[in-house]
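Please read the structure below before turning to the comments.
The values are calculated or read from the model by the stated rules, or taken from the named source; none is laboratory data. Values in this document were obtained by computation on a predicted structure and should not be read as measured data. All Cβ positions, even for glycine, are placed from backbone atoms using ideal geometry, and neighbour counts span all protein chains on display. Note: areas computed on protein heavy atoms with side chains; ligands, DNA, RNA excluded. Shrake-Rupley method; radii C 1.70, N 1.55, O 1.52, S 1.80 Å.
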Amino acid sequence: MGAVTSALLAAATVASAGSQIIGGMRSRDEAGRQAALARQQSAEAAAETERLTTREVELERRDIADVRERQKIAFLASGVTLEGSPLLTLEETRKRGEENIEEIEKAGEARSRAQIQEGRITAQRAEASGRKALISGIVGGGQTLSRLA
């Protein structure tokens, strides 16, 4: 009965060690899936930010064109030619509009980069957590097996 008990204990110890190692491997695999998901979600968020930024720029361009047209009409309706001060006013409107557009584009690019970076950081954390779980499973399994010796 002593040999059978010893064999059963050894088998249980090996099974426990294997379970710890497999658990670590599964945790690492799940962390990899979570990392991939974080990257995918951040890429999608960045793409949506870029789409919205492009739309905002289009709307701003239209608004600038509308303002300039209204200015031209107002000047011409009042009998003023589009030379001198009126021309400077129209040019100033155009410049301010372009500055606004540039700021919209820069802000959109910054948001997009931040979203990608956030996804990368989240993915790196998930991967590190998975590696830690794998190492923990291997070490724990090794410690369990060392009790057999």
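A quick yes/no check of all residues on (1) in contact (Cβ under 8 Å) with a residue 40 or more places away in the chain; (2) more than 30 Å from Ala7 (Cα to Cα):
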{"residue": "Thr89", "(1), (2)": "no, yes"}
{"residue": "Glu92", "(1), (2)": "no, yes"}
{"residue": "Glu103", "(1), (2)": "no, yes"}
{"residue": "Ala107", "(1), (2)": "yes, yes"}
{"residue": "Ala123", "(1), (2)": "yes, yes"}
{"residue": "Glu127", "(1), (2)": "yes, yes"}
{"residue": "Gly140", "(1), (2)": "yes, no"}
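Yes or no, residue by residue, for (1) basic (Lys, Arg); (2) buried (at least 16 other Cβ atoms within 10 Å of the Cβ); (3) modelled with pLDDT under 95; (4) under 30 Å from Ala47 (Cβ atoms):
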| position | (1), (2), (3), (4) |
| --- | --- |
| Gly108 | no, yes, no, yes |
| Ser112 | no, yes, no, yes |
| Gly140 | no, yes, yes, no |
| Ala149 | no, no, yes, no |
Somewhere in segment 12-32, is a residue over 30 Å from Glu127 (Cα atoms) and surrounded by 11 or more Cβ atoms within 10 Å (Cβ to Cβ)?
yes
Of the residues in segment 68-106, those that are in a helix (DSSP H, G or I), open to solvent by 50 Å² or more (accessible area, probe 1.4 Å) and of a type in the set (S, T, N, Q) come to Ser85, Thr89, Asn100
Just checking, which of Arg94, Arg68 is farther than 30 Å from Gly23 by Cβ and out of contact with any Ser or Thr (no Cβ under 9 Å at 6 or more places or on another chain)?
Arg94
When the residues of segment 50-67 are narrowed to those that are open to solvent by less than 60 Å² (accessible area, probe 1.4 Å) and within 11 Å of Ile104 (Cα to Cα), which ends up nearest to the chain's Cα centre (by Cα)?
Thr53
